[in-house]
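Here the structure comes first, spelled out in structure tokens, and everything after it is commentary.
The values are calculated or read from the model by the stated rules, or taken from the named source; none is laboratory data. Since we're looking at a predicted model, the values are computed, not measured. We place every Cβ from the backbone using ideal geometry, glycine too, and count neighbours over all the protein chains shown. These area figures cover heavy atoms from the full protein model, side chains too; ligands, DNA and RNA do not enter into them. Shrake-Rupley method; radii C 1.70, N 1.55, O 1.52, S 1.80 Å.
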Amino acid sequence: MRVLLVEDDAMIGKGLVTALSAAGMSVDWVRDGAQADAALGDEGYAIVLLDLGLPRADGFEVLKAARREGIKTPVLIITARDHIDDRVAGLDLGADDYLVKPFETRELLARMRALIRRRAGQATPLLAVGLLELNTETHEMSCGSATEVLPAREYALMHALMERPGRILSRSQIEERIYGWGEEVESNAVDVLIHSVRRKFGKSVILNVRGAGWMVAKS
């Protein structure tokens, strides 16, 4: 999945990029409020990690502007501000959760998964569509008797398709969801991922809609 990280501290930012990338996520990192405002116009993010003490625009301002503009992407505030008034203000302005620094990476990842599940209307880590089941914690996918732990890119592909079964995603929409800024994307990268998933679970797992893109059937 693709994550927007808004963090001005270089050491913390680098550490989070490393940790999130190791968990199979693509991370776009911006370091001030103005850059965050511009980046939030991109609807390809699964979640935003937002610091509050930012140059050029405070995190609260960024959050308020995003919700005013109708941006519904889940926002998890990550900050050293632990006062109850800050927590209440952040949640009331539209944040979905609030995590105080320093924190354990395991807790951050668990909170991120919970918010993404909530957005998709899921109560458990299991995303199920027809015979397909995808575990968002273990990245394990099952179809009938076949079960595999998917590599990061294949997992991101299947999560994007299974999150909205029956909806066609174009090549550019898929690339937007699974690759971050500055990553070189080969022209056939999506085709290679789809071929790999089909080889494991069968051709019918991902349907091709000629001239439009790919989808997972609703049932």
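Consider Ser172 carefully, then state whether it is over 21 Å from Gly24 (Cα atoms) and assigned to a helix (DSSP H, G or I). In short, no. Total residues in the range 163-179 satisfying the condition of being modelled with pLDDT of 85 or more and farther than 19 Å from Arg117 by Cβ: the figure is 9.
Scan the range 106-147 for residues that are open to solvent by 60 Å² or more (accessible area, probe 1.4 Å) and in a helix (DSSP H, G or I) and the total you get is 6. Residues that are aliphatic (A, V, I, L, M) and without any contact (Cβ under 8 Å) to a residue 24 or more places away in the chain were ranked within the range 190-219; the one that is surrounded by the most Cβ atoms within 10 Å (Cβ to Cβ) is Leu207. When the range 9-33 is filtered for residues that are charged (D, E, K, R) and touching a strand residue (DSSP E or B) at 6+ places or on another chain (Cβ under 9 Å), the ones remaining, listed by number, are Lys14, Asp28, Arg31, Asp32. Against the conditions (1) loosely packed, with under 15 Cβ neighbours inside 10 Å; (2) in contact with a Pro (Cβ under 9 Å, 6 or more places away or on another chain); (3) not charged (D, E, K, R), Pro102 satisfies every one except (2). Tell me the residue from Thr147, Thr124, Thr138 that is of a type in the set (Ser, Thr, Tyr), at pLDDT below 85 and more than 25 Å from Ala212 (Cα to Cα), please. The conditions single out Thr124. Once the range 35-73 is narrowed to residues that are modelled with pLDDT of 95 or more and under 15 Å from the mean Cα position of the chain (by Cα), the residue that is nearest to Ile116 (Cα to Cα) is Val48.
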